[in-house]
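The block underneath contains the structure these notes are about, expressed in structure tokens.
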Amino acid sequence: MTQLTVQHTLELAQQHHQAGRLQEAEQLYRQILSRQPEHAVALHQLRVIAYQVGRNDVAVDLIRRAIAANPKYAEAHGNLGNVRVAKGQLDNATAAYREAIALNPDLAGPSDQKPAAPYEPKT
């Protein structure tokens, strides 16, 4: 599989994924990983499928592999936070979200969507 073919396969997998054809998408992501085991995007997208179907332990393993393959993959750190929330690991989720925002401050969202500072009356 050449790089162009990997890219084409990834695009096709993402089209299936977006259309809700998770089984087809998973097969294509796995095909990419059979050639490039540390392909961060394929690992990450496979993690998304695992999360969508409730396989959170598998999702954590895949996202850790994606982060190991590309430690600066901010979205992967953010999604690790999502999986950790689903598992009830709130402290770990906060750490993952902080890392994601440190890598890409735009992930914090627009300033008008950030929580306001708590009101403290003057005494």
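Every number here is computed from the coordinates shown, using simple stated rules; none is lab data. As the structure is a prediction and not an experimental result, all values here were calculated from the model. Cβ coordinates were reconstructed from backbone atoms using ideal geometry, including for glycine residues, and neighbour counts include every protein chain displayed.
Would you mind ranking Ile49, Ile63 so that the residue whose beta carbon has the fewest other beta carbons within 10 Å leads the list? Walk me through the numbers on the way to the answer.
Working: Ile49 19, Ile63 28.
In order of increasing Cβ crowding within 10 Å: Ile49, Ile63.
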Report the net charge of residues surrounding Val48, where surrounding means a beta-carbon distance below 13 angstrom and charges are Lys +1, Arg +1, Asp -1, Glu -1.
-> 0
Overall dimensions of the stretch 3-106 as given by Cα atoms, namely Rg and Dmax in Å = 13.5, 40
Scoring the stretch 3-106 by relative contact order with C-alpha pairs under 8 Å, at least six apart, yields a percentage of 17 percent
